1. Within the range 106-134, which residues have the backbone N less than 13 Å from the label spot 7 Å out from K22 along Cα→beta-carbon, could you tell me?
2. Rolling a 1.4 Å sphere over the protein heavy atoms, what is the accessible area per residue of the chain, to the nearest Å²?
3. With bins 5 Å wide starting at 0, give me the P(r) of the range 253-303 over every alpha carbon pair, in whole percents.
4. Can you give me the angle between helix 513-527 and the longest principal axis of the chain, using Cα atoms only, in degrees from 0 to 90, rounded to the nearest 10?
5. Taking the simple approach of a point 7 Å from Cα along Cα-to-Cβ for both K636 and K256, what is their distance in nm?
6. Dipole of the chain (Lys/Arg Cβ +1, Asp/Glu Cβ -1, origin at the Cα centre): which of Q365, N29, V169 lies farthest to the positive side?
7. Based only on Cα atoms, what Rg/Rh ratio does the chain have, Rh being taken as Kirkwood's radius?
8. Per-residue accessible area for D232 at 1.4 Å probe radius, Å² rounded to 10?
Amino acid sequence: MFAQIVGDYNGINFPSILLCIKNKRYLFNCGEGTFRLSQENKLHFSDLTHIFLTRNEKETISGIGNYMCSTSLLSQKPIQYSLTGPRHSSSLLMLLGYVTHHVKIKLLVKEQWEASEDVIDGLFNLKTIVLKEEMEEEEEKENVELLLDLSKPKQLRNDFELLPEIKNVKKTSISYIITLPNAKNKFSFQKAKNLGVTDQKDIQKISKGETIKLKNGQTITRKDVFEGTFEDTTIVFLDIPNKKILNDLLNNKTFKEYQTNENLKINYIFYWLNDQIIADKHFQKWIKKFETNTYHLFLRKKQPFLRPTEFCFRTSIETLRILNMLNYDMYPFTFQPNKKNIQKSLEKQEQFKKKFLPKNSVFLQDQLIIRFDQTNEEKIIDESLLTIIKRNNERERNDISGIINKMETFKEKFSIKNKKLIPKNTNLDQQYKLEELFNEIVFLGTNGAVQSRYKNMSGILLKMTSNFNILLDCGEGTYGQLLTLFGSKIGKILLNIKFIWISHNHSDHSFGLIKLLRMREYYYKLKFKNYNEYKQPLIIGPKMFSKFVFLRNSITNDLNYCKIFNYGDINELKLNCKNSENNDLKFINFQVFNEIEELVPIPILHIDDSHALVITRNGMKFVYSGDGRPSQELIKSGINAEILIHEATFDSNLSKNAIRTNHSTIEEALQVGEKMNARYILLTHFSNRLSFRNFIDYNAKNVCFANDLLTISPNGIDKIGFNSSLINQYFHENLNTKSDNKNKKNNNRRSNKKK
């Protein structure tokens, strides 16, 4: 029995907790990036039966949609989960009917309007406590239980539209108290008989930890009919986002009972909170009322690290380091954590803990496993706080110079064999011309529908000028990728995003938008005092997604303002954007119409309301396919384009899958570029079934297979074919070497067993 931390308060993720009891898994909160982190840490979510949400806010729920879609795509069978959360949880989940497709999942949703008790899977007792920001005058509703079938999106949409309008949602936080019965006791039939407990159903209920009532009114608990020790393990999950919730917690009768009743004991308390709550005098008095051997485990909002991906997505960072060494111009990401700064931050963290918190307090971080029989606090601290420094020390012991020498040798051999891919002369006129089209193209996510530990979901940043950026699609984790690459410059990058294009209504292209817009508002407030002058980027996307964002925001209030227009609105917007009297338009940034000559949406065969985009600037064309089958209309509209970015989900040997799912193969994408007479073809959106070995047969001067954080500028674009082929070949050879070594080890083990 243990718990594992999934994620961190780091700007990218909100930490979740995976509780493991016997062969069951229980997830507490599901923030953005939860699924990718589960892939990174090789967590087995196949046994997940229940998700518990503490709040209905972007931090705690933004990963649910992608998690549901990804697990459904990976599973061969229909899945059913139970989900417990605050009021309006079912309404939020019904909204997935606007943006999800082919999701074979059923959700039993339990909305907690008031405190309740339950038994989960016969393994533990669960108490839920509802903490409120303010007392309500209207009558309280009873707890609600609904079964939602995500495989029927139309039914979900219809059910949502039948609900009464949701207004002025009061913020609540759900606390969960779990009591696990001690296994070192057994049922006494003699005790049960003496008390009059003879009915088999009553015996089963008591065995599961439930309390029963006899006909004579007598209440019977497990302790009355069991023999042995009864030192149950009690674990609390407590989310305190602000002082209003804290005030309700301080007066809560259930927690007061645990603090004053000698027969009640809490072993572990997990907290989600910030430093302001920790430093609050009332909170300090409250926490000291628990027994001295209660462990207080903090997921603290303030973390000591500058760039978070190093500590969360280790696999992708290792890949980026190699890509950076192979070609710095295309992969400029360089991040070496400052060990001295980290050590100082950890020391400050320990001082902060000693000043405000009891001895049995631990600050937790991503990946830490807490075993509930652990009694050595120092061991927990070593594992959680110093793991990063130890890992960096090990990395430094590697022979970096040896790796660089190996790469240089490889580059020389590859250059000799592939002279045809090397451009003979740099065309400066062409370079200067392309600078009038764009400054940089940055691939923020290049994976298909399912996130992997190597790659993020779809998102492309076009830096057109020094103060004008375009974002093409915004899958979950897009903000995190921007933060990883740009670090302290993230605020400027976000504020310069003036136009966002959502190509269609799939979660891997859209679920990162709300967080990105929220963070853009946040950085605007940091920079400017007058928030009334804030203008949202012009966002163009499908009608259904627009409705999803509007309805979700009406419940969660994540954004102060959000308006998404449809593809057919572009020409009308261009004509009316200067009309300041139009309330729908005065909070929108229309710089795109000053910078771009023409925006042409092209319908494409994928799902309903899917569109490619052709951008014309200074007489040159930039084409983005989004997801879909090859399109003759797109070829015609994008003829003689300078840049074509096209999806290439499958290899040609999986063409049946491409036709069935309305995607394109690598070969088909290249044919589109050839028929379009595109000068450069950049391929993205690769299925997890593809690897570098699928790319090495498609070498050409003007073709590039994108990886996450690939950065292309006009002065280096003539070398993309050579550099992309070099990278694909290098990774192909090294992956083969690793797989060969694994096979040799496995063969040796088998032979040893036979001996």
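1. 120-125
2. On the way: 35210 Å² over 755 residues.
I get 47 Å² per residue for this part.
3. 5, 18, 28, 25, 16, 6, 2, 0
4. Compared with the principal axis, the helix lies near 90 degrees.
5. Between K636 and K256, the simple spin-label model gives 7.5 nm.
6. The Cα lying farthest towards the positive end belongs to Q365.
7. Details: Rg = 28.2 Å, Rh = 28.4 Å.
A ratio of 0.99.
8. 40 Å²
The values are calculated or read from the model by the stated rules, or taken from the named source; none is laboratory data. Note that the structure is a prediction, hence the values are computed from the model and not measured. Cβ: placed from backbone, ideal geometry, glycine included. Neighbour counts: every protein chain shown. Each accessible area value is taken on the protein alone, full model and side chains, heavy atoms only, with ligands, DNA and RNA left out. Shrake-Rupley method; radii C 1.70, N 1.55, O 1.52, S 1.80 Å.
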